[in-house]
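These notes concern the structure reproduced below.
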Amino acid sequence: MSLIEIIVLAIVQGMTEFLPVSSSGHLILVPAILGWEDQGLAFDVAVHVGTLLAVMFYFRDELLGMVSAVLKRGQGGAQVAADFRLAWLIVLATIPVGLIGLLARDFIAANLRSPMVIALTTAVFGVALWAAARFLAGGRRVEEVRWVDAALIGAAQALALVPGTSRSGITMTMGMARGLSAEASARFSFLMSIPVIVLAGGLETLKLVKASVDVDVTALLVGTVVSGLFAYATIAFFLAALKRIGMFGFMIYRLALAAAITALLT
């Protein structure tokens, strides 16, 4: 991989991991347009590490609070109890994607990674995202997420195993459908991404170890740093601007992306 390929693909991954626009769609479309070869498993691991570090650093206060609350077993006041509850809500929301990922990842890889599937899911779930924001979103905060909300958002997250769905997009859609505000849906979605990225990165790392392939250390380091920086900036921008920008633009963008994938890869 050339330096420009490393930087461009790391930027794409860093930004699209958290925007509701489908990172898989972009990572297929960009190399196809530019005529680049597949970036390889080692690079995928590197950019996942970068995005993981970014989201953990952005939500470091929340993570420290949850870790402390779990160590205290939820004892120590209202804030500790709230952090303890949030930690278990995130665990609950992670179970569906973990189970389905282990049971169905081979089927998904073999049957659902086609351009037409990606184009279809990019378009359909883009419309669903806008509809949830327009007609269903309420004013509930992250602190008001219920157990049933976490279970349903977690079930929706499992759908993101299908390429083109967008993990952040589908979880935000379900959060808003349950009456959470757009901002609360985004924050809960981003917190949920931490164990999911850990699981996905762990599986990719195991595959990489088994494959015993040579790696370009410089490319991996650049990919990790660039993806992390752009992921952090994307999270900060998205949460700050969400009330102003809404979801309509993301729907239009996803519909355009679906059309582009269909035109280029069929």
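The values are calculated or read from the model by the stated rules, or taken from the named source; none is laboratory data. None of the values given here were measured: they were computed from a predicted structure. Positions of Cβ are backbone-derived with ideal geometry, glycine not excepted, and every protein chain shown enters the neighbour counts. These accessible areas exclude ligands, DNA and RNA; they are computed on the full protein's heavy atoms, side chains included. Shrake-Rupley method; radii C 1.70, N 1.55, O 1.52, S 1.80 Å.
Please state the equivalent ellipsoid semi-axes for the range 212-266: what are the square roots of 5 times the Cα gyration tensor eigenvalues, largest first, in whole Å?
After scaling each eigenvalue by five and taking roots: 30, 23, 6 Å.
What are the residues whose amide H is under 5 Å from the amide H of residue 114, where those residues sit 5 or more places off or on another chain and H is modelled from the backbone?
For residue 114, no residues qualify.
Can you compute the modelled spin-label distance between residue 113 and residue 34, with each label point 7 Å from Cα toward Cβ, in nm?
The two pseudo-label positions are separated by 2.0 nm.
Taking 7 Å along the Cα-to-C-beta vector as the label spot, tell me the residue 239-residue 99 distance in nanometres, rounded to one decimal.
3.0
Once every DSSP H run of n ≥ 4 in the chain is given -39500 (n - 2.57) and the sum is divided by its residues, what mean residue ellipticity at 222 nm do you get, rounded to the nearest 500 deg cm²/dmol?
-26500 deg cm²/dmol
Evaluate the distance, in nm, between pseudo-label points positioned 7 Å from the Cα of residue 124 and of residue 203 along their respective Cα→Cβ axes.
Placing both labels 7 Å along Cα→Cβ, they lie 2.0 nm apart.
As an exercise, use a Förster radius of 41 Å and the Cβ-Cβ distance of residue 151 and residue 218 to find the FRET efficiency, rounded to the nearest 0.05.
Efficiency for this residue pair is about 0.40.
Sort all Cα-Cα distances of the range 119-239 into consecutive 10 angstrom bins from zero, then give the percent of pairs in each bin up to the one containing the longest distance.
Reading upward from the zero bin: 13, 36, 32, 15, 5, 0.
Compute the Cα gyration tensor for the range 120-182, then decide on rounded, prolate or oblate, letting a ≥ b ≥ c be the square roots of its eigenvalues: rounded whenever a/c is under 1.5, prolate when a/b is larger than b/c in the other cases, and oblate in all that remain.
Oblate shape, in that a/c is at least 1.5 and b/c is the bigger or equal ratio.
Which is the longest part of the chain that has none of the trypsin sites (Lys or Arg not before Pro) sitting in a DSSP loop with at most 15 other Cβ atoms within 10 Å?
Longest run free of exposed loop sites: 147-266.
Take every Cα pair under 8 Å in the chain that's 6+ residues apart, average their separations, divide by the length, and report that relative contact order as a whole percent.
Reported as a whole number, the value is 37 percent.
Counting every Cα pair in the range 1-151, what percent are over 29 Å apart?
34
Under a GNM of the chain (C-alpha, springs under 10 Å), which listed residue has the highest mean-square fluctuation: 171, 121, 205?
Fluctuation is largest for 205.
For the chain, report the accessible area per residue in Å² (1.4 Å probe, heavy atoms, rounded to an integer).
That works out to 48 Å² for each residue.
Quick check: net charge around residue 106, other residues with Cβ under 14 Å of its Cβ, Lys/Arg +1 and Asp/Glu -1?
Within the 14 Å Cβ shell, the charges total +3.
Compute the convex hull volume of the Cα atoms of the range 86-163, divide it by the residue count, and report the result per residue in Å³ as a whole number.
82
Pick from 51, 173, 218 the residue whose mean-square fluctuation is largest in a GNM of the chain, springs joining Cα atoms under 10 Å.
Judging by the Gaussian network model, the answer is 218.
Ignoring ligands, DNA and RNA, what percent of the 1.4 Å accessible area of the chain is carbon and sulfur?
Carbon plus sulfur share of accessible area: 69 percent.
Ranked by accessible surface with a 1.4 Å probe, highest first, in what order do 83, 106 come?
106, 83
Using alpha-carbon pairs under 8 Å, 6+ residues apart, how would you state the relative contact order of the range 67-156 in percent?
Contact order relative to length: 41 percent.
Helix 60-71 versus the longest principal axis of the chain: what is the Cα-based angle in degrees, 0 to 90, to the nearest 10?
60
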